[in-house]
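Notes follow the structure.
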Amino acid sequence: LVPTFLVPQVVGGLLLGVGFVVGGYCPGTSVVGMATGRMDAVVYALGIFVGLAVFAAAYPSIEGFTKTTSLGEITFPDVLGVPFWAVAIPVAAMPY
């Protein structure tokens, strides 16, 4: 299991979510958009790579932050206090 670092993971999720909303794409749909010739998808995909480069360049400065608020190796069933199957079955039954 990968350890949970609560605050850095929430911040990262919010940043990704804002990017998805502002851009109107997720990474997979931006590739489909590029394949169909949409220039906004090309710009969005380029933005992904710029964001990755900025993160890589900034990482030495923010590495300490990425290791804060460790909750250890926990799972959703651990948090809920239920067996694994009690979460897995409803998730597997969700419509796509």
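Structure data summary
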| read-out | value |
| --- | --- |
| Region 83-94 residues that are in a helix (DSSP H, G or I), paired with ones that are open to solvent by 100 Å² or more (accessible area, probe 1.4 Å) and among the aromatic types (Phe, Trp, Tyr) (beta carbon under 7 Å, 6 or more apart) | Val87/Phe76 |
| Neighbours by Cβ (under 8 Å, 6+ apart or cross-chain): first from region 28-46, over 17 Å from Leu16 (Cβ atoms); second open to solvent by 50 Å² or more (accessible area, probe 1.4 Å) and in a loop (DSSP other than H, G, I, E, B) | Asp40/Gly24 |
| Count - residues of region 54-74 that are open to solvent by 60 Å² or more (accessible area, probe 1.4 Å), among the small types (Gly, Ala, Ser) and modelled with pLDDT under 95 | 1 |
| Pairs where the first residue, in region 58-80, is under 14 Å from Val11 (Cβ atoms) and the second is aromatic (Phe, Trp, Tyr), C-beta under 6 Å, 6+ apart | Thr69/Phe5 |
| From Val11, Val18, residue being at negative phi, within 13 Å of the chain's Cα centre (by Cα) and surrounded by 14 or more Cβ atoms within 10 Å (Cβ to Cβ) | Val11 |
| Number of the exception - Asp78 against (1) surrounded by 10 or more Cβ atoms within 10 Å (Cβ to Cβ); (2) modelled with pLDDT of 95 or more | (2) |
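The values are calculated or read from the model by the stated rules, or taken from the named source; none is laboratory data. On a predicted model such as this, the values are computed, not experimentally measured, just so you know. Note: ideal-geometry Cβ built from the backbone for every residue, glycine included; neighbour counts use all protein chains shown. Accessible surface is based on the protein model in full, side chains and every heavy atom, while ligands, DNA and RNA are left aside. Shrake-Rupley method; radii C 1.70, N 1.55, O 1.52, S 1.80 Å.
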